[in-house]
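Participant: Dumping the structure here so I can ask a few things about it.
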């Protein structure tokens, strides 16, 4: 019985300590500000996308460890193999990644794109459906960064790759040294979180700030305390099946697990930009769908950034999958989203002139 008592005390300490050790503040007050959702129904192509996602989950479900991770990486890299690419894809070794250049691209106008994939999967190849459309829609030179992934590397290694790439892009284009006239940072999911963390870091370092930022369904908070992180487990076709077990884990335990995996506090602004200083940031556009786990992460970020005086727009589509922009061949809503990004950047650029 004495041993049982000791175990109970240890568990109690582990459960209580994170709120003080990690300084986890209650941000539920941000949930009172409801953001409008577009009034439209999902297109027929969604059925095909959902079938494709179900096939993925059925394939990887029996797999474990690195075998599962390799299968997910392979799926991501070959998701759009049948996509017709009209832009020029120009690989680069340092910083690692690839330029995506539409005909007539203005190489002084640049977009640093940071792909998603939970910091574990994804690559410039996997996200060409997004980067090529951004290049076509904006006429800018898009650099898709191949940052270091976990678990082979530390989380902060990938973050440092983003910082170095941005600084390099300020002075270098696809054809060599050339100052940038207009700089955008964009990313989706995990890459969206890197995007938001990067613009805050640029402000803190007194470096030239991005002219605009675009975050598609960003993960803004690793504490997983937003309501949709659990409430939307059943409706998020892409992330729900993979995050299901996490939804059953007590939050205090998930915070310790995050600390071990990321080697930093779940409230560190580098990994949870929602919990950092959100003042004096550039115009930012955020996309999300009302079905996804990260919906309230986006809502909370938009509300808190606006409260801090930063210009943020949050546009929410109904009924779609996480980062539906990847499925542009099946979903007309993807094209709607790219046109929305185009309008936003054109507005920002015109107002800055």
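The values are calculated or read from the model by the stated rules, or taken from the named source; none is laboratory data. Keep in mind it's a predicted model, so treat the numbers as computed, not measured. Don't worry about glycine lacking a Cβ; one is built from the backbone with ideal geometry, like all the others, and counts go over all protein chains shown.
Participant: Please go through the range 151-171 and give me each residue that is surrounded by 19 or more Cβ atoms within 10 Å (Cβ to Cβ), in contact (Cβ under 8 Å) with a residue 60 or more places away in the chain and over 13 Å from the mean Cα position of the chain (by Cα), ordered by number.
Facilitator: Once the filter is applied, which keeps residues that are surrounded by 19 or more Cβ atoms within 10 Å (Cβ to Cβ), in contact (Cβ under 8 Å) with a residue 60 or more places away in the chain and over 13 Å from the mean Cα position of the chain (by Cα), the range 151-171 yields 155, 161, 165.
Participant: Quick check, is residue 121 crowded, with 19+ Cβ neighbours inside 10 Å, at pLDDT 95 or above and assigned to a loop (DSSP other than H, G, I, E, B)?
Facilitator: yes
Participant: Looking only at residues in the range 32-50 that are part of a helix (DSSP H, G or I) and modelled with pLDDT of 95 or more, which one is surrounded by the fewest Cβ atoms within 10 Å (Cβ to Cβ)?
Facilitator: Per the criteria, the residue is 47.
Participant: Going by the conditions given, is residue 187 part of a helix (DSSP H, G or I), at pLDDT 95 or above and either within 18 Å of residue 111 (Cβ to Cβ) or more than 16 Å from the chain's Cα centre (by Cα) (or both)?
Facilitator: no
Participant: Also, I was wondering about something else. Please pick out the residue among 184, 214 that is more than 26 Å from residue 262 (Cα to Cα) and crowded, with 24+ Cβ neighbours inside 10 Å.
Facilitator: Every option except 184 fails the conditions.
Participant: Another question about this same structure. I'm trying to understand the selection: among the residues of the range 78-104, which are part of a loop (DSSP other than H, G, I, E, B) and within 14 Å of residue 127 (Cα to Cα)?
Facilitator: Of everything in the range 78-104, those that are part of a loop (DSSP other than H, G, I, E, B) and within 14 Å of residue 127 (Cα to Cα) turn out to be 78, 79, 80, 81, 82, 83, 84, 85, 87.
Participant: From the set of residues in the range 62-101 that are over 23 Å from the mean Cα position of the chain (by Cα) and touching a residue at least 60 places away in the same chain (Cβ under 8 Å), which is surrounded by the fewest Cβ atoms within 10 Å (Cβ to Cβ)?
Facilitator: Among those residues, the one meeting the criterion is 82.
Participant: Out of the residues in the range 323-342 meeting the condition of being under 13 Å from residue 238 (Cβ atoms) and touching a strand residue (DSSP E or B) at 6+ places or on another chain (Cβ under 7 Å), tell me which one is surrounded by the fewest Cβ atoms within 10 Å (Cβ to Cβ).
Facilitator: 325
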